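**Student:** Could you have a look at this structure, given as structure tokens, before my questions?
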Amino acid sequence: MKKIGLDAGHGLYTSGKQTPDGIKEWSLNDDVCDRIQSILRDYDCEIIRTDNNEGKIDESLSSRVAAYINAGVDAFVSIHHNAYTGNWNNATGVEVYTDRTPTEKDERLAKCIYNRLVEYTGLTGRGIKRANFAVINQNKVPAVLCEGGFMDSSADYKIITSDVGKQNYALAVAEGLIEFLDLKKIPQSSDTPATPEKIDVIYQVWENVKDKWLPDVVNNTDYAGNFKNAVCAVYANLTKGNIYYKVHIIGSKNNRARWLPEVKNREDYAGNLGQPIDAVAFRTDTGKTIKYAAHEKKSGRWLPAVTGYDINDRINGYAGNFGKEIDAIKVWLE
């Protein structure tokens with residue numbers, strides 16, 4: 001069984017390591033590390049965490065190095081988020097570091113993670129770099145340090161603080177480790193009934209009063225929207241598989257009422273910013289039943305949930321009523 005050293009950089013109370021609005025870097029790092037562990041739990045590996053499990057102590061860099069070397073790990077990854085000025089700015093991008101004199105294995109591990117990090121997060125690739133970071137400055141164990149976006153970036157912030165962004169960061173690192181270490185899935189015992197796979201819907205909406213994307217919502221644990229503020233656009237994806245969706249815009253002086261083109265996952269958003277919608281439709285290729293509901297702004301009521309995807313079916317083909325603005329939606333799989 002392979003061993004992996006995993007490190008959430010810094011500590012909860014490390015001075016200066018936070019977003020301009022006060023989210024601690026360790027909290028972001030720790031969340032990504034937890035997600036990496038969750039992804040790798042079905043593989044033939046053991047995870048050794050070198051940071052304090054509650055973040056209350058900023059473990060020294062030397063103690064972190066000693067911990068993973070003494071444990072005999074096969075690879076080590078330190079998870080971080082970058083910062084530029086400490087105030088909101090336009091810096092952006094992800095990068096992976098090796099030490100200044102990397103081994104061939106250091107460089108290969110960095111490439112396995114970096115290529116996925118750029119692809120999965122959608123952030124600018126700033127390259128694979130070399131630096132004298134103490135936590136990776138040794139040549140006994142393949143080791144890299146990842147920077148998953150800028151905490152003080154107006155562009156990166158909404159990604160790195162979202163469930164989607166954190167999951168994609170974690171997936172890039174986990175899959176990079178799987179490739180580098182050639183990890184194998186642990187066979188499931190035939191005596192144990194297979195647990196139905198859980199697939200989450202992650203979605204958000206653009207509302208027309210604050211003119212911004214509201215936070216991500218997962219399944220029907222909450223709704224996406226602000227009551228009395230019309231929804232203008234929808235952005236969605238699944239943790240596995242594909243989701244397809246479209247919206248119907250309300251007519252205006254310059255735009256006729258119509259269904260806009262279908263969107264797949266987060267390749268784009270469905271809607272026109274600034275133009276309210278009155279209906280939505282969702283479908284997936286997961287084999288699971290998708291259910292979704294719309295909340296009418298004027299009546300203040302949730303319409304019945306639907307499962308179909310047919311713009312000609314007013315009963316079960318879409319959620320909404322033409323001409324009546326939507327101010328919130330719920331989406332989930334069963």
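Every number here is computed from the coordinates shown, using simple stated rules; none is lab data. If you're wondering where the values come from, they're calculated on a predicted model, not measured in any experiment. Backbone-built Cβ (ideal geometry, glycine too); neighbour counts: all protein chains shown.
**Student:** Kindly indicate whether any position in the stretch 167-189 is hydroxyl-bearing (Ser, Thr, Tyr), surrounded by 20 or more Cβ atoms within 10 Å (Cβ to Cβ) and in contact with a Phe, Trp or Tyr (Cβ under 7 Å, 6 or more places away or on another chain).
**Tutor:** No, because not a single residue in the stretch 167-189 is hydroxyl-bearing (Ser, Thr, Tyr), surrounded by 20 or more Cβ atoms within 10 Å (Cβ to Cβ) and in contact with a Phe, Trp or Tyr (Cβ under 7 Å, 6 or more places away or on another chain).
**Student:** Can you tell me how many residues within the stretch 194-219 are over 19 Å from Ala279 (Cβ atoms) and of a type in the set (S, T, N, Q)?
**Tutor:** The number of residues fulfilling the criteria is 2.
**Student:** Taking the condition at positive phi and crowded, with 24+ Cβ neighbours inside 10 Å, does Gly149 pass?
**Tutor:** For Gly149, the condition - at positive phi and crowded, with 24+ Cβ neighbours inside 10 Å - is met.
**Student:** Going through Leu260, Leu273 one at a time, which residue ends up being farther than 26 Å from Tyr157 by Cα and either without any contact (Cβ under 8 Å) to a residue 40 or more places away in the chain or in contact with a strand residue (DSSP E or B) (Cβ under 6 Å, 6 or more places away or on another chain) (or both)?
**Tutor:** Just one listed residue meets the conditions, Leu260.
**Student:** Can you confirm whether Glu175 is over 21 Å from Asn265 (Cβ atoms), more than 12 Å from the chain's Cα centre (by Cα), touching a residue at least 40 places away in the same chain (Cβ under 8 Å) and assigned to a helix (DSSP H, G or I)?
**Tutor:** Spelling it out, it is not the case that Glu175 is over 21 Å from Asn265 (Cβ atoms), more than 12 Å from the chain's Cα centre (by Cα), touching a residue at least 40 places away in the same chain (Cβ under 8 Å) and assigned to a helix (DSSP H, G or I).
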